[in-house]
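Every number here is computed from the coordinates shown, using simple stated rules; none is lab data. Since the structure is predicted, the reported quantities are computational estimates derived from the model, not experimental observations. No Cβ is skipped: glycine too gets one built from the backbone with ideal geometry, and neighbour counts run over all protein chains shown.
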């Protein structure tokens, strides 16, 4: 849709506004973190451990230090004074608890053990290769099976007596599901340009949370927050891997401080697989008990979540389990199992995505045991109330998601027998699964300024990770001021701006809407006040409440004389000019003001008495179709219908894009993605794009997205909830269920591999 | 990456004179491996200015392909599409359009394995993974490591690395002849003799002598009345090396197979001409039962390891289905 054809003012909310930053990206003029080549810039290159567990016996940098252009070699022998630990309570969150080069211990393959800083990247690379390291190596533990674990397994969400109910249930499903390590692979890799000027540190980062990044780095380096500025104007996506700082930021900053020069440090694609997070491996046993009519009587969700040696990270697989279905007896248990791998990190839909793979796969298996339609089973067990927290749902339309999706794919034509559906010489399989994700309104401040040049500036220290946040801000500013989108400038991704939220948990849109609206309304109010009180203004003497700002023009709302102020008659008479409207910029010139601005705030839902009475979640489902060609063991996903209940959609184009992208990642999760840890050394052995498979364009199914678009007014005045994560939940179990329907093979350990499909007894189409 | 010299001669004789160097054409394998320090040439001899970029008809009805003909130009050449469709299909199933625009015919013959251990910078070195291809005698880490993509045919106790090329599988069934020129003059090598089995010298991958340069690949006159197909099976639909592939050229007369060539990719240490499959097919009825027997024969000697056992069954389906497609 061309910008000129968009509806005006408030109607712009809920339409498909194209990205206002789109042309900067397509023309290559958007500057990303590593595009900042500052004068006197030098390059840092990391040296990685080539063992997966043990100690550094010796590290000899004497040759490297004498090589051309080399300025500094950092390692555990000379770095202990550079960093401090970070308290999550006071400073913020980091991804790797242990500071880089803290000691001689190696906890995972690829761990940074030294860094070389040199005048050029080539010099730094050559010197990094010249560092001689010997190790005392131990065997790394990268055992895939997580169940041999005797650590604590805390319970949560216990209600009723799930074990008794399972023992008494006439129908039981008891299966174990696992998801592998999946590595975040945003197009833009991690990287830092650190610039220390002797007093102030500027960090150009690819960060999903500039404010947290600043707070953490200030604490790590022992510098006042006021002296640290983090800039992430454009981000080539993050998927959760860029929520919190990684060691390369610390190393670059420390090097810049030591050298008094700007330092650039990048994380290459190979390092992406070892050093900067991944979705951890999970292993989940699900036990479902049901009556013969399909009513759930018990759910037991016992899961193990893999983490690194030094970091306590749990993939909360049981988060959706307590409220997705109505069930009187339920418990979730958690086991955090350590392996010699790098620190995990949240990845799109953390917890929910692997958790719902297990729960929804088990529901499909229950439907088959009951000889019942899997949609029917879900509708029958749908919950009227959040039975985990015992609160009403703010807005839940999951049943309608299922009925709408069923209609779209033509579910009533489905025949449930394995391998029973054919089309164009291929076997067809259909599967379905549900999705859910938490909603909240997190704190945010934003400012809006009406400027003398006729433009509107919006400012907030949140960031646009590629999802459309710039555009959402512009839509709100347009809705409130009527100033056309091409005269609205949005400034994000800079800690010099009013504090905004981290781009995580699908919380940004619902957080920024109230603050941006509040700031816009206040700025407009102030502008009208100025118009009414400035001598020489055509509105001088009017009351501000009789004026309005529409389409960037201030005008009188009444055509007849109205009660005014300060004039002899106490009356203000509108003229043709004031009725037609005068650009606000003209009034600012008359008043000799550069602009008028206001700051707005979002009051968080967790401090809102009313919001706290409700269970706030989004819902949705995917219907997937696969094509199976047994003659050559070829499986392709051909169609996915996604129906989502995410509150009101503010930008249908950006919103649809989120669900489409998530479905594509879900196809990758189902069919391709797995980081393989080499058994001898614990190395992520397929750490490149030829060997770690992600979905290609050729693998894309026909994707169809529907939003129910029911506003959730408990969350904010627009009724918008987040949509970034939820789209990935439910894709994999919908596909594995479709695969079972087509092939008779139930894949409980992702990804689905040709090895699994070769077991199919459906041998011809 | 190590420092290296660079020359760009204009004639074949001058290029061959630079025998201390490594030839570089499209660079799609060599540059990649140089970045990983797997290849560390002292000098790169850039052969892109040599007059070896033509596709010409031969008087005997065959086709001469210059070593510098790009994969995309070869795949879309009208004669290749008409007379050697299996080659066009194989080329287009490989890599990505960008890579095919760079990669050359000669370079593809020299393509090196995607064995993850071989590609590790320190493989074969002290402290690195064992790799007999990198350092003979150092061992093979893939043998008991993660070996899902590795070979089941033509392996030895010293190496199980898969030959990754699609083009070469088609060249094998087309019975190409490779022309080379070196310090001792010109000679030709039959395609089947070009790539070497690993045996106990997995570091020796082909029949080239030091300093020899591939100049042309000749394809014989197309087989009259033959049909062909290239079938590639892999995890995803595009941009991935084969887990199993099959190239077929055959002619059926009166329901019986009168001419047949079968080669396999993705499962063997070299482009794998399956004489066993051909023997099981020749003179037999062109039906599913015959195809299945041929597939069994082709894989009878397969030696799977821990993670690649599925390739035996996958290759059988690949052969059977490729034969079905070729006779359809």
**Request:** Kindly work out what percent of the DSSP beta bridges joining two residues of the protein assembly as shown are antiparallel, to the nearest 5.
**Result:** 80 percent
**Request:** Just report the Cα centroid separation between the range B:46-111 and the range A:365-389, whole Å.
**Result:** 58 Å
**Prompt:** Order of A:321, A:467 from fewest to most other C-beta atoms within 10 Å?
**Reply:** A:467, A:321
**Prompt:** Using r as the Cβ-Cβ distance of residue B:192 and residue A:764, and R0 as 30 Å, what FRET efficiency do you calculate, to the nearest 0.05?
**Reply:** 0.30
**Complete:** Which of B:112, B:64, B:258 fluctuates most in a GNM of chain B (C-alpha springs under 10 Å)? That residue is B:258
**Request:** Could you work out, residue by residue across B:234-244, how many beta carbons of other chains sit within 10 Å of that residue's beta carbon, and then give the average as an integer?
**Result:** 5
**Asked** Could you list log10 I(q)/I(0) for the range B:227-327 at q = 0.15 Å⁻¹, which the Debye formula gives when each Cα is one point scatterer?
**Response** -0.53
**Item:** Length-normalised contact order for the range B:227-327 - Cα pairs under 8 Å, 6+ apart - percent
**Value:** 28 percent
**Asked** Which shape class, rounded, prolate or oblate, goes with chain B when its Cα gyration tensor gives a ≥ b ≥ c as root eigenvalues, a/c under 1.5 marks rounded, and past that a/b bigger than b/c marks prolate?
**Response** oblate
**Request:** State, to one decimal in nm, how far the label point of residue A:138 lies from the label point of residue A:27, with both points 7 Å from Cα in the Cβ direction.
**Result:** 5.7 nm
**Asked** At what distance in angstrom do the alpha carbon centres of the range A:715-748 and the range A:225-283 lie from each other?
**Response** 30 Å
**Request:** Describe numerically, in nm with one decimal, the distance between label points set 7 Å from Cα along Cα→Cβ at residue A:62 and at residue B:287.
**Result:** 8.0 nm
**Fill in**
Full extension between residue A:548 and residue A:376 adds, at 0.36 nm per residue less the Cα distance, a length in nm of 56.6 nm
**Prompt:** Taking the highest mean first, how do the peptides A:167-174, A:551-558, B:224-231, B:158-165 order by number of other beta carbon atoms within 10 angstrom per residue?
**Reply:** B:158-165, B:224-231, A:551-558, A:167-174
**Complete:** Per its Cα gyration tensor (rounded if a/c is under 1.5, else prolate when a/b beats b/c, else oblate), chain A is best filed as oblate
**Asked** What's the exposure ranking of B:312, B:180, B:173, going from fewest to most Cβ atoms within 10 Å?
**Response** B:312, B:180, B:173
**Prompt:** Please state the relative contact order of chain B as a whole percent: Cα pairs under 8 Å, 6+ residues apart?
**Reply:** 17 percent
**Prompt:** How many partner chain Cβ atoms sit within 10 Å of a residue's Cβ in peptide B:147-155, on average, as a whole number?
**Reply:** 1
**Label-point separation in nm, residue B:35 to residue B:14, each point 7 Å along Cα→Cβ** = 3.0 nm
**Asked** Beyond 21 Å, what share of the Cα-Cα pairs of the range A:216-287 remains, rounded to the nearest whole percent?
**Response** 40 percent
**Item:** Alpha-carbon centroids, the range A:448-485 and the range B:130-150: separation in whole Å
**Value:** 57 Å
**Item:** Ranking of A:473, B:4, A:707 by count of other Cβ atoms within 10 Å, fewest first
**Value:** B:4, A:707, A:473
**Prompt:** Full extension from residue A:103 to residue A:15: what is 0.36 nm times the residue separation minus their Cα-Cα distance, to one decimal in nm?
**Reply:** 26.3 nm
**Asked** Hey, what did chain A get for relative contact order, percent, Cα under 8 Å, at least 6 apart?
**Response** 16 percent
**Message:** Viscosity 1.002 mPa s, temperature 20 °C: give me the Stokes-Einstein translational D for the range A:432-500 in µm²/s, with Rh taken as the Kirkwood radius over C-alpha pairs.
**Reply:** 161 µm²/s
**Asked** Between residue A:158 and residue A:88, what is the FRET efficiency for a Förster distance of 22 Å, r being their Cβ-Cβ separation, to the nearest 0.05?
**Response** 0.20
**Prompt:** Which whole number gives the average, over all residues in B:311-317, of C-beta atoms from other chains lying within 10 Å of the residue C-beta?
**Reply:** 3
**Request:** Based on alpha-carbon positions alone, could you give the equivalent ellipsoid semi-axes of the range A:106-169 from the gyration tensor, as √(5λ), descending, whole Å?
**Result:** 51, 16, 9
